[in-house]
Structure formats: structure tokens, C-alpha cells
Amino acid sequence: MTRTALVWLRNDLRTADNPALHAALQYGKVRAIHIEATDGKLRRRGAASRWWLHHSLNRLALDLAQLGVALETIEGETEATLLQAVAANGVDAVYWNRRYGPAEREIDAGVKARLKREGVAAESFAANLLIEPFEMATGTGKPYSVYTPFWNALKQRDIAKPLPTPPHGQAIEPTRVDTSYREADWGKKLGKHWQIGEAAARERLDRFLDELVLDYPEDRDIPARAATSGLSPHLAFGEISPRQVWHAAQAVAQHAPGKASAIDKFLSELGWRDFNYNQLYHRQDIATVPMVAKYAELQWRRDDAALTAWQQGRTGIPIIDAGMRELWDTGVMHNRVRMLTASLLAKNLLIDWRQGEQWFWDTLVDADPANNPGNWQWVAGSGLDASPYFRIFNPVTQGERFDPAGNYVRRWVPEVAGLPDKLVHQPWQAPDATKLAYPKPIVDLKLSRERALEAFKAL
């Protein structure tokens, strides 16, 4: 009698290095399901990541069809939807790869217990991090709260080798999935900037390691240069695994020792992703709860006009507006500029970082449940190993340092493109500033810095 396994896919939309899929294929006949969950305790995807998900699922459906696996997408409450699929398909075993948020772990544990009560085998796997959070601890057995010792310990661990792509089986006719999704015009704009899916992720990694990684340590902070890997959305959706990235990069370092130092810097950013997931795993919901308790007492300002100006890239501060417009047009923002925009909102404007985090959650194609809030808390000062409260980025001096010729600003803020380099980051200093079709700064950087320092010192 043929046994049937169900692969429950979440943020692991790939065929290679997918332990749940691998185990299911060894078990018997396989079906796959993706549930767009409506459980009230789960955070719903933002618009940009929902757009990516739609196209990623359809790309994956084609790849799975070559393995003889049909993919089904359903919207509904997690446990009930999964049990219906189990019953409808005569499933004997369900496999999935682990998630790490508090609500996700609670749901997964409940599903596993329910399946076992129903006589259905259930097993979960490590697939989406370098090392499982419960396997990383300090010498005293506590979770790491400082990144450098975490990274030093992580580098000493044996990172599991990625599993290969399963061999093609009896291919089936692929079908369109996620057919209830309706793409808005905004999604069509995002589509101009991205190739989605497992093959695209691997191509992007190979190009980065071949052509860009050597200059990565210096160029990664220059927003006008395409110097970063661009893998963040592919990692967020699991179109490529961190283990695949790790071992591919290490192989290049071994064969090209001149790239080893740059690759170590690149992999440290992958380590930072694991660090954020450790915070997600060991703490309350980091998207809403400050990781340093005293920050719950901070008196944030309510300024809806300033928040809207920030969201729309109309703050009157060119590098901030360039970043926010890049985000709206492409679904991503250069990492250096992400820090600047977050610092302006949370410190100069003293607007609750959670409002900025929510905007990023809705507009980023790489919106990630650990990285997004973890990085926002780092800038706001409330995270573990966070930027100190007195570190308030000056967007003018940062722009002059990392975009000295104004190439990034001129691309995204054409209103100031005609200004000379020395004025492009502070157009309000131009003799004819009033003639520019560009707003004055919504905040005085010097005075707002002092205000923020007083508010943070008061804690």
C-alpha cells in the first residue's frame, strides 16, 4: 500500500536543502501545501511580501511538478486547514521545517500534538538558520545578548552541509496556484526590479561571489553602488537557505584566498540574521515589546504629519527621502540608508519605532519577522547589543560621507539633482533654496538631537 506524505511549506520555498521535502520523498507519495494563515495570533504579511509570495509559490509549483509533487495553496486557520488537507488526501505523515517566533512555535506544537492524536506521523526539521537558537548558549547556559561573542561562537560550529536538489521523479502537469491573489499596480512596479524563485536566488549568489564580494567590505556602505548580495528577500522566503550561502561562500574563500577576508565580512551579516532569530526565539514578540525593559517607559511623540512625510519621502532631508522613495519603488532600501531613516524617525522625530517597523513590514519585499524588528530595535536603542542611546545618525554628514557626489540622492530626489555636490545633501543652504520644488526639513537636526538625548537620558 502506497504511503502519502504532506509537506507543509512556509518560509522554505525551495527544493534544494529542504529537509522536510527530502524526508517526504523518501516516505512515499508526496503532496505539498502552503497555508496563508488567518490565525489571529499570527502577524499577517505586508503588501510587498505578499506580492513576492504569490510569484514565489507559482515558481515553486513548477519546480515541484518536475519532482511529481503537486502544490496546493489555501487560506484559512492553520490547524483546521491542515487537518482538512490530511483527511482529503489520505495523508499518513506530515513534515515541515521549523519556525521560531513565539506564536508560530505555539501553533506548530499544537498541530504536531493534534496530528499524533489522530494517528498521523509528524516531524519538523532544522532548515532556515545556520544553527538552531536552542543550540546556541553562553558559557553560563544563557542566550547570547551581545553579537560579537555570538558570532565568534557560531564560526566555531560545524554548519550542516546543504541537501542537494532531489532527482526528478515522474513529472506531473504544473498548475497555477494562489489564484485568489490579485496583483495591484504597485506590484507591477516591483516586478521591474526582481527575478523571483530558487533559480534566481542561486544565480544572484553566484554572481555576487564571482563579481562583487571582493569589494563588499568597502562598497557595502555606498548606496549608489550595487555592491551587496541582494539575497535578503530570497532568504526571507527560503528560496535559498543560509546553509547554501554559507558553504558556497566558504568554497570560494578556499579556492580564492584573496577573497577570504571579504567573505568573512559578508558571512558576518548572515550571522547577524541568526542573532536576530535568537532574539526572536528567546523573547516576547520583538515586533511589539522592547527587548530592554526600560524603553517601555519612553514617551514617544505623536506627530501624524511628520510620520506621513517620512513615509512618503518628503522630509526635506535628501538622503532620507531618497531611501524612502527607493523603498516605495523597489521594495527594498540600501542597508546604510535603512539605519539613517530609522534613526531620524525614532530619535530625531521621537516617533515610536514600532510605527516605522510596521511601515517597513508592509513595504519591504524582504520583510522578515526577526530582522525587521530586530534591526529597528537596534537603531532605537531598545534591542540587545543595540546602538547606544547617544548614537544619533546625522543624515547630512552621513550623506556627504557615503554619497559624496550625490549620485544616490540625485537618482531618487530629482528636485535637488541640479545642485552642486556640496549642497545636494543640505539644499536648504542653497542661495535659491526657495525656488526648489522641494520641502524644507521637517525637523531641526541639532535641536531634535538634543531633545532625543534628554528623553533617553531620562530613562
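Every number here is computed from the coordinates shown, using simple stated rules; none is lab data. Predicted model, so just to flag it, every value in this text is computed and none were measured. Neighbour counts run over all protein chains shown; Cβ positions are idealised from the backbone, glycine included.
Brief remarks on what is shown
- Mean shadow area of the range 1-96 over all directions, Cα convex hull, nm²: 6.2 nm²
- Global form of the range 42-141, assessed from the alpha-carbon gyration tensor, a/c cut-off 1.5: oblate
- For ARG401, ARG31, the sequence from fewest to most other C-beta atoms within 10 Å is ARG401, ARG31.
- Computed log10 I(q)/I(0) for the range 329-417 at 0.11, 0.23, 0.24 Å⁻¹: -0.32, -1.21, -1.26, from the Debye equation with unit scatterers placed on every C-alpha and solvent omitted.
- In this structure, ASN335 and LYS435 have a Cβ-Cβ separation that, at R0 = 25 Å, corresponds to a calculated FRET efficiency of about 0.15.
- Using bins of 10 Å that start at zero, the share of Cα-Cα pairs per bin across the chain amounts to 4, 19, 29, 26, 15, 6, 1, 0, 0, in whole %.
- Relative contact order of the chain, defined on C-alpha pairs under 8 angstrom at six or more residues apart (%): 17 percent
- Distance (nanometres) between label positions extended 7 Å along Cα→Cβ at ALA113 and HIS247: 3.6 nm
- From least to most packed, judged by other beta carbons within 10 angstrom and beginning with the fewest, PHE266, PHE134 follow the order PHE134, PHE266.
- Helix 353-363 axis, angle to the chain major axis (alpha carbon atoms, nearest 10°): 60 degrees
- The chain: calculated mean residue ellipticity at 222 nm from DSSP helix runs of at least 4, using -39500 (n - 2.57): -13500 deg cm²/dmol
- Gain in span if fully extended, ALA260 to ARG391, counting 0.36 nm per residue against the direct Cα distance: 44.0 nm
- Cα gyration tensor shape of the range 87-169, rounded if a/c is under 1.5, else prolate or oblate by comparing a/b with b/c: oblate
- At q = 0.12, 0.17 Å⁻¹, base-10 log of I(q)/I(0) for the range 221-374 (Debye sum, equal scatterers on each alpha carbon): -0.60, -1.09
- Binned Cα-Cα distances of the range 117-218, short to long, each 5 Å bin given as a whole percent: 2, 7, 9, 11, 14, 16, 15, 12, 9, 4, 1, 0
- Whole-number D in µm²/s for the range 293-457 (Stokes-Einstein; Kirkwood sum over Cα pairs; 20 °C, 1.002 mPa s): 134 µm²/s
- Spatial separation of Cα centroids for the range 274-352 and the range 37-51, in angstrom: 20 Å
- Put a dot 7 Å past the Cα of ALA103, heading toward its Cβ, do the same for ALA171, and the two dots end up 4.0 nm apart.
- Among the listed pairs LYS294/LYS347; LYS347/LYS446; LYS265/LYS422, those beyond 21 Å (Cα-Cα): LYS265/LYS422
- Exposure proxy order (Cβ contacts within 10 Å, fewest to most) of ILE35, ILE159: ILE159, ILE35
- On Cα atoms only, tilt of 78-88 relative to the major axis of the chain in degrees: 30 degrees
- Sites ALA88 and ALA199, calculated FRET efficiency, Cβ-Cβ separation with R0 35 Å, nearest 0.05: 0.65
- In this structure, the pairs whose alpha-carbon distance is over 19 Å, taken from LYS161/LYS259; LYS155/LYS259; LYS112/LYS142, are LYS161/LYS259; LYS112/LYS142.
- Cα centroid separation - the range 372-438 against the range 56-108, whole Å: 44 Å
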